[in-house]
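**Student:** First the structure, which I've put down as structure tokens, then a few questions once you've had a look.
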Amino acid sequence: MKKLDKMVEFETLSKPIQMVDVIGQYRRYQNEIDSAVLEVVRSGKYINGPYVQHFERAMEEYLGVKHAIACASGTDALQLALMAIDIKPGEEVITTPFTFAATTETIALLGARAVYVDIEPQTFNMDPEAIEAKITTKTRAILPVHLFGQPANMSRIREIAKKHHLIVIEDAAQAVGAQWNGEKVCGLGDLAAISFYPSKNLGAFGDGGMVTTSDDSLAHAVRTIANHGSERTYYHDRLGVNSRLDAIQAAILTIKLPHLDEWNDSRSRAATAYSMIFEAYPEVIRTPHVDSRANSIWHQYSIVLPKGREPVIEHLKRVGIPYNIYYPVPLHLQKAYASGSRGDFPNAEFAADHILALPMHSELTSDEVEYIARNVLEGVGI
Ligand SMILES: *Cc1c(COP(=O)(O)O)cnc(C)c1O
């Protein structure tokens, strides 16, 4: 704390620090968003229709994909993608144990099996070099998650998938706008799933999701499945579900999308500022590492505290700074899936035990970042 020359006292900050600021972006574009919502309400076109179509085309253009199909949530997007490849009970999907449960949940719901590979300790993303040992005759797909906004190593994952004739489904829920080798995620696999949950970088004011693909027949399958397996009203050709994006959410997202890159840049500036402060103390704080080929959109800024996170948490609680732990239990150790035991994936387990996410959003000021960082340092005893 003494080592930072510029001190910012909590009292000088205008508002309490937020973990995510879902209202700040609304305030900046309130007039536009209010009138768009009212327009949808007055149009009577609440489901599908022009607002949803307009947003889908805008996303196709932004991501550089041929098809963007809106649906009800990111979880649904994963399920629709898995149903579109016609995953069968007993088939296997290779994925990461260090992610939000939705990934494994949808695989399990369809009777398929999630087969995990450990993560790279520096990026928290699935280690591609561990994939080939897990491929069996039942393997159908690889499902990388671009965790915390950083793309997984898609060059290697695609190479392995091609060699073994596997499908790649990207879980891009946390990474809309991120790039690998200069290419945007969502266009790097056969299919991708996006979430518009309010706290995501591109967040709606409710639930929402999207599947993207550049394959015409997969796109057709996703659209049909999301619409009760029906192409012609009251004629059902395959098993489907009901998964739609509300027109109100589509209208809001259409207004937010053009600002996404600028918001992601603000997050990136905050991340750089955090890391510049922490990098002087590598023994006690490991800053998030971004692969040189990756462009992260910083959905989260998560540090690893190898000597234990409890003292930092206690200190942050005392001074009223929010924090979170993504994720405290890796999926192979979750009761619902009970598919492994401690020691199976040491890197994921170490991350789960030592990781700590600090406030990260587009409205974070540099004074706030400095104040938070200073308190983290105090928490570790510096
Ligand atoms: C948020 C999230 C999901 C699920 O998205 P919802 O819209 O909440 O259903 C899936 N995977 C990851 C990695 C996520 O972060």
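We did not get these values from a lab; they are worked out from the coordinates using the rules stated. All of these numbers come straight from a predicted model, not from anything done at the bench. Note that we place each Cβ from the backbone using ideal geometry, even for glycine, and neighbour counts take in every protein chain shown.
**Student:** Using +1 on the beta carbon of Lys and Arg, -1 on that of Asp and Glu, and nothing else charged, what's the dipole of the range 28-257 about the Cα centre, debye to 20? Spell out each step's value before the answer.
**Tutor:** Numbers: 21 positive and 27 negative charges, 57 e Å.
Dipole about the Cα centre, nearest 20: 280 debye.
**Student:** Using Cα springs under 10 Å in a Gaussian network model of the chain, which residue among GLN334, GLN150, GLN249 shows the largest mean-square fluctuation?
**Tutor:** The residue with the greatest mean-square fluctuation here is GLN334.
**Student:** Whose amide H sits under 5 Å from the amide H of GLY209, counting only residues 5 or more places off or on another chain, with H placed in the peptide plane?
**Tutor:** Residues meeting the criterion, in which the H sits 1.01 Å from N, are CYS71, ALA72, SER73, PHE196.
**Student:** Would you mind getting me the FRET efficiency between GLU310 and ASN181? Use the beta-carbon distance for r and R0 = 35 Å, nearest 0.05.
**Tutor:** On the way: r = 39 Å, r/R0 = 1.11.
For GLU310 and ASN181, the calculated efficiency is 0.35.
**Student:** What full-extension length gain, to one decimal in nm, is calculated for ARG293 and ASP86 as 0.36 nm per residue of separation minus the Cα-Cα distance?
**Tutor:** Using 0.36 nm per residue and subtracting the Cα-Cα distance, I get 71.3 nm.
**Student:** Add +1 for every Lys or Arg and -1 for every Asp or Glu among the other residues with Cβ under 14 Å from the Cβ of GLY111, and state the total.
**Tutor:** Numbers: positive: LYS88, ARG113, LYS138, ARG140; negative: ASP86, GLU91, GLU92, GLU105.
In short, 0.
**Student:** For the range 175-185, what does the Karplus curve 6.51 cos²θ - 1.76 cosθ + 1.60, with θ = phi - 60°, yield as ³J(HN,Hα) per residue in whole Hz, taken in order and with x for Gly and Pro?
**Tutor:** So the J values, rounded to whole Hz, are 9, 5, x, 6, 10, 10, 6, x, 10, 6, 5.
**Student:** What's the exposure ranking of TYR371, TYR281, going from fewest to most Cβ atoms within 10 Å? Present the calculation step by step, with values, prior to reporting the outcome.
**Tutor:** On the way: TYR371 22, TYR281 15.
Ranked by crowding around the Cβ, least crowded first: TYR281, TYR371.
**Student:** Still on this structure, please answer the following. Among ALA251, THR272, VAL284, which residue has its Cα furthest toward the positive end of the charge dipole of the range 200-325, with +1 on Lys/Arg Cβ and -1 on Asp/Glu Cβ?
**Tutor:** VAL284
**Student:** So, one more: Of PRO328, PRO89, PRO97, which has the largest mean-square fluctuation in a 10 Å C-alpha GNM of the chain?
**Tutor:** Residue with maximal mean-square fluctuation among PRO328, PRO89, PRO97: PRO89.
**Student:** What does the charge count near SER268 come to, summing +1 for each Lys or Arg and -1 for each Asp or Glu among other residues with Cβ under 15 Å from its Cβ? Let's see the in-between values first.
**Tutor:** On the way: positive: ARG267, ARG269; negative: ASP261, GLU262, ASP265, ASP291, GLU363.
Computed value for this residue: -3.
**Student:** Next question, about the same structure. Order of TYR29, TYR323, TYR235, TYR274 from fewest to most other C-beta atoms within 10 Å? Working shown, then result.
**Tutor:** Values: TYR29 15, TYR323 19, TYR235 8, TYR274 25.
With the sparsest Cβ surroundings first, the list reads TYR235, TYR29, TYR323, TYR274.
**Student:** For SER155 and ALA133 in one chain, what is 0.36 nm times their gap in residues minus the Cα-Cα distance, to one decimal in nm?
**Tutor:** Numbers: separation 22, 0.36 × 22 = 7.92 nm, distance 1.79 nm.
Gain in length upon complete extension: 6.1 nm.
**Student:** Something else: If we count every other residue with Cβ under 11 angstrom of PHE205's Cβ, Lys/Arg +1 and Asp/Glu -1, where does the sum land? Could the numbers behind the result be given before it?
**Tutor:** Values: positive: LYS256; negative: ASP207, ASP246.
Surrounding charge for PHE205 is -1.
**Student:** Right, here's the next one. I need the semi-axes of the equivalent ellipsoid of the range 268-382: take the C-alpha gyration tensor, multiply each eigenvalue by 5, square-root it, list largest first in whole angstrom. Before the final figure, lay out the partial values.
**Tutor:** Working: eigenvalues 127, 58, 37 Å².
Equivalent ellipsoid of the range 268-382: 25, 17, 14 Å, largest first.
**Student:** Also, I was wondering about something else. Residue separation times 0.36 nm, minus the C-alpha to C-alpha distance between ARG57 and GLU283: what's the value?
**Tutor:** Details: separation 226, 0.36 × 226 = 81.36 nm, distance 4.76 nm.
Result for the pair: 76.6 nm of gain on full extension.
**Student:** Hey, what angle do you get for helix 260-278 against the long axis of the chain, alpha-carbon based, 0 to 90 degrees rounded to 10?
**Tutor:** In the chain, helix 260-278 runs at an angle near 30 degrees to the longest axis.
**Student:** Expressed as an acute angle from 0 to 90° and rounded to the nearest 10, what is the orientation of the C-alpha long axis of helix 310-319 relative to the principal long axis of the chain?
**Tutor:** It is inclined by approximately 80 degrees.
**Student:** By DSSP, what percent of the beta bridges with both residues in the chain are antiparallel, rounded to the nearest 5? The partial results should precede the final answer.
**Tutor:** Numbers: 24 of 38 bridges.
Around 65 percent of the beta bridges assigned by DSSP in the chain are antiparallel ones.
**Student:** Quick one: go through the range 236-258 and flag any residue whose amide nitrogen is under 19 Å from the point 7 Å out along the Cα-to-Cβ line of GLU39.
**Tutor:** 245-258
**Student:** Then there is this: Which FRET efficiency, nearest 0.05, do LYS162 and ALA336 yield, Cβ-Cβ r, R0 35 Å?
**Tutor:** On the way: r = 33 Å, r/R0 = 0.94.
The formula returns an efficiency of 0.60 here.
**Student:** Counting only helical runs of four or more DSSP H residues, what would the 222 nm mean residue ellipticity of the chain come to if each run contributes -39,500 (n - 2.57) and the total is spread over all its residues? Intermediate values should be presented prior to the final figure.
**Tutor:** On the way: 12 runs with 136 residues, N = 382.
After summing the helix terms and dividing by the residues of the chain, the value is -11000 deg cm²/dmol.
**Student:** Next up: Could you check how many percent of all C-alpha pairs in the range 72-212 are farther apart than 26 Å?
**Tutor:** Details: 1375 of 9870 pairs.
For the range 72-212, the fraction of Cα-Cα distances above 26 Å is 14 percent.
**Student:** Hey, another quick one. Could you run the Debye sum over the Cα atoms of the range 279-319, one equal point scatterer each and no solvent, and tell me log10 of I(q)/I(0) at q = 0.15, 0.16, 0.23, 0.34 Å⁻¹, two decimals?
**Tutor:** -0.48, -0.54, -0.89, -1.12
**Student:** Does the chain classify as rounded, prolate or oblate by the C-alpha gyration tensor (a ≥ b ≥ c root eigenvalues; a/c under 1.5 gives rounded; else a/b over b/c gives prolate, otherwise oblate)? Before the final figure, lay out each step's value.
**Tutor:** Values: a/c = 2.12, a/b = 1.26, b/c = 1.69.
It is oblate, given that a/c is not under 1.5 and a/b is not larger than b/c.
**Student:** Next question, about the same structure. Test of understanding: in a Gaussian network model of the chain with alpha carbons linked when under 10 Å, which of ALA270, ALA133, ALA352 would top the mean-square fluctuation ranking?
**Tutor:** Maximum fluctuation in the GNM of the chain, among the listed residues, is at ALA133.
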